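Nothing in this text is a laboratory measurement; each read-out follows from the coordinates by a stated rule. Keep in mind that what you see is a predicted model, and the values were worked out from it rather than measured. Here Cβ is always computed from backbone atoms with ideal geometry, including for glycine, and neighbour counts include all displayed protein chains.
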Amino acid sequence: MRWLRKNLIPIIGILVLVYLFIPIAVVAVLSFNKPAGKFNIAWNEFSLSAWQNICGVPGVCGSFVTSLEIGLLATLVGTIFGTMIAFALVRYRFRGRSTTNLLIFLPMATPEVVLGSSLLALFLNLAFPLGFWTVVIAHIMFIISFVVVAVKARLQGMDPRLEEAARDLYADARSTFRHVTFPLVLPGILGAALLGFSLSFDDYIISAFNAGTLVTFPIYIWGAAQRGIPVQVNALATLVFVIALTIVLVSQFINYRRRRMLEAGMSAD
Amino acid sequence: MPAMAPSKKSSASTGVGVRRRPRTAYLLLIPGLGWLSIFFVVPLISLFATSLQAPTGKNGVYQAAFQVSNYAEAIAEYWPQFVRSFIYSGIATVLALVIAYPLAYFIAFRAGKWRALLLVLVVAPFFASFLLRTYAWRTILADEGFITSFFNMLHLLPEQRILNTPIAVVLGLTYNFLPFMILPLYAALERIDPRLIEAAGDLYASPFTGFRKVVWPLSLPGVVAGTLLTFIPASGDYINATLLGAPSDRMVGNAIQTNFLQFRDYPIASALSFILMAIILTLVFVYIRRAGTEDLV
């Protein structure tokens, strides 16, 4: 009883984590299913056919590639623009700071339906054709804010003495940036890019408003939900999840090892 | 809109390395802020203009007008969806806070070297498709499934089922936006000096009093940010209501989506969007007055 009281918070915490992963486990398990009817909802029989023939259903892989293209393009532009704003906010004094902060904050405080529908209203009023580029435009718009927040946090958390040291050692502004500042901020930028990509790749609501007849991966899933989602979709989603999680875990592990070695090196001196 | 501008706090720009060349700053700002102006601010203006347009007689074609009655019509027809949206997302936000707090507390104070790993696991659900994760709840909450049977045995379900009821919609909303609650809570808790909690104990405060008087007040910025980041997307969401609820559980997002994409009633859809945003922004700015944007952003 006393043990339980002492460990109550860790136990609840781990239960919450388990709760977060239950639906993902369901998605993964159902990718090995051979559904009884057209809806892949209940377990029926083990089968590897979806994994062996992952592009077997027309439209699945096509929409997947479309989402990859949109995600990469939008992330690239959004990350560059967002990083520039973050640098300006942390490193410079200028008029219009609060307006800038407001403009960054508002898209995050606006529900996706409003973001999606307002852009659609603009494109309709301009008679602008909907498709690949309108979705890319929309995704860049919502990625920027998230990148600003992530990179800003990284910049503010940086030890200013590192840059001072570089300048004490007669590095000019440019090489200080190239050899000290940028490498230190890079993990933050890459993390922000990964976040931006997963937001873009997974976005349904904003894309649905601005895609016209274009079919992204989430739009494909939404349409398929009415008539039964093919098992291949579960397989692809599981694959993406495993790859993304592996990338993040490996980079975290490398980071951890490097820090441990640095600490060991410092205490040896 | 100067009246809405957040309180001026220059805390972010302190420290070494702050340069005073505003020209470079503006060059850095132009592309991103330009993009946000053209594809976020201008669309909102366009949305407002559309919300006042009048029909031309041709289906899906509207002309510029000042038809304020669109708003009255939108509210008259869709007020139940508005009420449902705010009730569902309100309950989901409270549930998410209750669930997220212990985990955030655990990661901040008790996780030790596992902290970074646990944080990765909190954001990991974002790497799995939102739609598929929501759809997976259909399997978990299925009528003949373990969970529904269990609660039916206790006679706790008014409709004898969870799926296709408001309960499933609220559970889906709670689940989907939970990481947005956990992360800001963690960020606030992590800043608390653990010695403060020890000090409370040394002064004979019970663990509960220590929590109530020390930890909870200091974690309030995280609570504010987390509830906003959960409530805002939840109130506009229509994925959970569509995939997990019955037609009678539809939310305002559903109304906006069907009016825009199926009925092509752009003015009503725009009016609905605008009302939703106005309500949410009002709520947000009441909160911001207490928290300050620089802390939230």
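Go ahead and set up a Gaussian network model of chain B, Cα springs under 10 Å, then flag whichever of B:Ile279, B:Ile38, B:Ile87 fluctuates most. Of B:Ile279, B:Ile38, B:Ile87, the Gaussian network model singles out B:Ile38 as fluctuating most. Simple spin-label estimate for A:Leu68 and A:Val29 gives 3.0 nm between the two label positions (7 Å along the Cα-to-Cβ direction from each Cα).
Quickly rank A:82-88, B:112-118 as a protection proxy: mean count of other C-beta atoms within 10 Å, highest first.
Descending mean neighbour count gives A:82-88, B:112-118.
What does the charge count near A:Ala208 come to, summing +1 for each Lys or Arg and -1 for each Asp or Glu among other residues with Cβ under 13 Å from its Cβ?
That works out to -4.
With the cut-off at under 20 Å, measuring from each backbone N in segment B:190-223 to a point 7 Å along the Cα-to-Cβ line of A:Met1 picks out B:206-208.
Ranked highest first by the average count of other Cβ atoms within 10 Å around their residues, in what order do B:141-149, B:186-194, B:88-96 fall?
Working: B:141-149: 14.2, B:186-194: 16.7, B:88-96: 21.9.
For the peptides B:141-149, B:186-194, B:88-96, the packing ranking is B:88-96, B:186-194, B:141-149.
The ellipsoid equivalent to the alpha-carbon distribution of segment B:27-66 has semi-axes of 32, 9, 5 angstrom, derived from the gyration tensor eigenvalues as √(5λ) and listed largest first. Taking only the C-alpha atoms of chain A, the Rg (one decimal) and the largest Cα-Cα distance, Dmax (whole number), read 23.1, 72 Å.
Rounded to 0.05, the FRET efficiency of the A:Phe182 and B:Arg21 pair, given R0 = 30 Å and the Cβ-Cβ distance, is 0.95. Among the helices of chain A, those built from whole DSSP H runs whose Cα atoms reach 30 Å or more along their own axis and whose mean Kyte-Doolittle hydropathy is at least -1.0 are A:8-30, A:60-91, A:132-156, A:231-268. Using C-alpha pairs under 8 Å with a sequence gap of at least 6, the mean separation divided by the residue count of segment A:26-75 gives a relative contact order of 23 percent. What residues from segment B:97-124 fall in the zone where the backbone N is under 16 Å from a label point 7 Å along the Cα-to-C-beta line of A:Leu8? The answer is B:98-106. With R₀ fixed at 35 Å, the C-beta to C-beta distance from A:Phe21 to B:Val42 puts the FRET efficiency at about 0.30. Spin-label pair B:Trp114-A:Arg227: with each label point 7 Å from Cα along the Cα-Cβ axis, the two points sit 4.7 nm from one another. Counts of other chain beta carbons within 10 angstrom of each beta carbon in peptide B:251-262 average 3. Here's the picture: a label point sits 7 Å out from the Cα of B:Thr258 along the beta-carbon direction, and within segment A:176-220 nothing has its amide nitrogen under 11 Å of it.
Here the mean projected area of the convex hull built on the C-alpha positions of segment B:77-296 is 15.1 nm². Over the protein assembly as shown, the hull volume per residue, using the convex hull of the C-alpha atoms, is 193 Å³.
A simple spin-label model places the labels of B:Glu77 and B:Trp216 4.5 nm from each other, with each point 7 Å out along Cα-to-Cβ. On the basis of the beta-carbon distance and an R0 of 60 Å, A:Asp159 and B:Glu159 show a calculated FRET efficiency of 0.55.
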